[in-house]
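Enquirer: Dumping the structure here so I can ask a few things about it.
The values are calculated or read from the model by the stated rules, or taken from the named source; none is laboratory data. Bear in mind that the values here come from a model prediction, so they are computed numbers and not experimental data. Methodologically, a virtual Cβ is constructed for each residue, glycine included, from the backbone with ideal geometry; neighbour enumeration extends over all protein chains shown.
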């Protein structure tokens, strides 16, 4: 099924990198700045893929409809900008996966709902992304995932037809976007899935429990 793939596109948070510690720290600082007790990272982690909405929901039990949400969101963004590379790291096996994709001559890149304000400096700061051919953020196109526009833009930038691209993500919206873009899709079951995720219902073409498992799908396990 994956033999014709010429490029692999990835979601960012929860798929390639674990940014939950920095996201949680940015939100938790807002609590401690207000004299509220700190919350453990375990409470923030399941919502890390939901960005400000998820982090503020955990920290203050509010939704985007709350009157104070926009002001709190900008405060969160400023906190996150100040710490977003302090505790963030690539998941185990990701560095080797990227090395093998490069050796196999496959192009790769990132399509994330993280805005360019964060996605671009974060990926520039991490050596892992030095060989990425594209980084498409949530505001690079007029639409964000689950709309297919960001994935189609990434395919355009790297010069590979969408049907020859594979998209890997840890959220159902990633699979919806990939399918809508006519790409094969892989669900990353090691990310920020949370308690209610049921990847078997996402209709992905495959599901992987570790980053290294993608090598088997692409028949790259025998490569050095």
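Enquirer: May I ask you to list the residues in segment 153-167 that are in a helix (DSSP H, G or I), in contact (Cβ under 8 Å) with a residue 60 or more places away in the chain and touching a strand residue (DSSP E or B) at 6+ places or on another chain (Cβ under 6 Å)?
Expert: Those that are in a helix (DSSP H, G or I), in contact (Cβ under 8 Å) with a residue 60 or more places away in the chain and touching a strand residue (DSSP E or B) at 6+ places or on another chain (Cβ under 6 Å): 154, 155, 158.
Enquirer: Would you be able to tell me the number of residues in segment 106-131 that are buried (at least 16 other Cβ atoms within 10 Å of the Cβ) and more than 21 Å from residue 23 (Cβ to Cβ)?
Expert: Matching residues across segment 106-131 total 4.
Enquirer: Determine, yes or no, whether residue 96 is exposed (fewer than 15 other Cβ atoms within 10 Å of the Cβ), within 30 Å of residue 162 (Cβ to Cβ) and within 21 Å of the chain's Cα centre (by Cα).
Expert: Taking the combined requirement at face value, the residue satisfies it.
Enquirer: If you take the residues of segment 96-152 that are in a helix (DSSP H, G or I) and free of Cβ contacts under 8 Å to residues at least 24 places away in the same chain, which of them is nearest to residue 214 (Cα to Cα)?
Expert: If we take residues in segment 96-152 being in a helix (DSSP H, G or I) and free of Cβ contacts under 8 Å to residues at least 24 places away in the same chain, then 99 is nearest to residue 214 (Cα to Cα).
Enquirer: For residue 193, indicate whether it is in contact (Cβ under 8 Å) with a residue 24 or more places away in the chain, touching a helix residue (DSSP H, G or I) at 6+ places or on another chain (Cβ under 8 Å), surrounded by fewer than 19 Cβ atoms within 10 Å (Cβ to Cβ) and within 29 Å of residue 58 (Cα to Cα). If you could, list the steps in order and put the result at the bottom.
Expert: Numbers: in contact (Cβ under 8 Å) with a residue 24 or more places away in the chain: yes; touching a helix residue (DSSP H, G or I) at 6+ places or on another chain (Cβ under 8 Å): yes; surrounded by fewer than 19 Cβ atoms within 10 Å (Cβ to Cβ): yes; within 29 Å of residue 58 (Cα to Cα): yes.
So residue 193 passes the test.
Enquirer: For the condition in a loop (DSSP other than H, G, I, E, B), modelled with pLDDT of 95 or more and farther than 27 Å from residue 179 by Cα, what is the one hit in 25, 67? I'd like the intermediate steps shown before the answer.
Expert: Values: 25 fails: in a loop (DSSP other than H, G, I, E, B).
Exactly one residue qualifies, and that residue is 67.
Enquirer: Moving to a separate point now. Inside segment 76-92, can you point out the residues that are surrounded by fewer than 18 Cβ atoms within 10 Å (Cβ to Cβ) and in a helix (DSSP H, G or I)?
Expert: 77, 78, 81, 82, 83
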